[in-house]
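In what follows, a single structure is set out as structure tokens and then discussed.
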Amino acid sequence: MANKEALRELQGRLAQRLQSAQEQTPQRSWLAVRVGGHGLLFPLEQAGEIFAPARTQPVPHTQPWYLGVANLRGGLVGVVDLAQFLGLAVQAEERTDARLVAFNAALDMPCALLVDRLAGLRNAAGLELQAPTGEELRPAFVGGRYRDAQGTLWQEILLAALAQDPHFRRIEAAA
């Protein structure tokens, strides 16, 4: 009899926890990286595995920012220098901790972005969304700008939108 009562109590607590978890709004989280002296945020659900820089095989007649293809975990993946793609200058000393951040497999984009270094994880509770500055039109893959408690600005890069961007998808060099 006591076991049945304990089981009912446990089921009641689990049901209560499940209900409260469903009522809470999920908190946004990002992978923070540094690229060309800028802080960038990749939505965590859109980012895939992180790799040490791998040897790439150059592909002829491609854009300068397309570094080539690399074998990552047995799969052939295109490697893009994100700083060069975004038009950001990079110093060689900034690349000592470089990493490749792959797109999440769900995005169906076999690609990895070369970033200067990882800067950890961030969540919405630690960032303040900044009001738009009224600058020129930005590409669809550029999300919100955030400021952290230390005053650092972070620009969100929406990897799902980047994967669909026509300029990003057009790796062949102009003739």
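If the chain between Ala105 and Ile50 were fully stretched, how many nm would it gain, using 0.36 nm times the residue separation less the Cα-Cα distance? It would help to have the intermediate numbers written out before the result.
Values: separation 55, 0.36 × 55 = 19.80 nm, distance 1.26 nm.
Between Ala105 and Ile50, full extension yields 18.5 nm more.
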Self-check item: Highest-MSF residue in the chain out of Gly36, Gly74, Gly144 [GNM, Cα springs under 10 Å]
Solution: Gly74
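Among Arg28, Arg55, which comes first, then next, by fewest other beta-carbon atoms within 10 Å?
Arg55, Arg28
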Exercise. Would you mind telling me which residue in Gly75, Gly48, Gly143 has the biggest mean-square fluctuation in a Gaussian network model of the chain, where springs connect alpha carbons within a distance under 10 angstrom?
Key: Gly75
Quiz item: Which value, in nm² and rounded to one decimal, describes the direction-averaged projected area of the C-alpha convex hull of region 28-169?
Solution: 8.9 nm²
Exercise. Report, by chain and number, residues whose modeled amide H sits under 5 Å from the one on Thr62, excluding near sequence neighbours (fewer than 5 apart, same chain).
Key: Ala173
Quiz prompt | Residue of Pro53, Pro110, Pro139 that the Gaussian network model of the chain assigns the largest fluctuation, springs spanning Cα pairs under 10 Å | solution = Pro139
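Would you work out the charge dipole size for region 29-175 about its Cα centre, treating the Cβ of every Lys and Arg as +1 and the Cβ of every Asp and Glu as -1, and quote it to the nearest 20 debye?
200 debye
Just so you know, all these numbers are worked out from the coordinates, no wet-lab data involved. As the structure is a computational prediction, the values presented were derived from the model and not from experiment. Here Cβ is always computed from backbone atoms with ideal geometry, including for glycine, and neighbour counts include all displayed protein chains.
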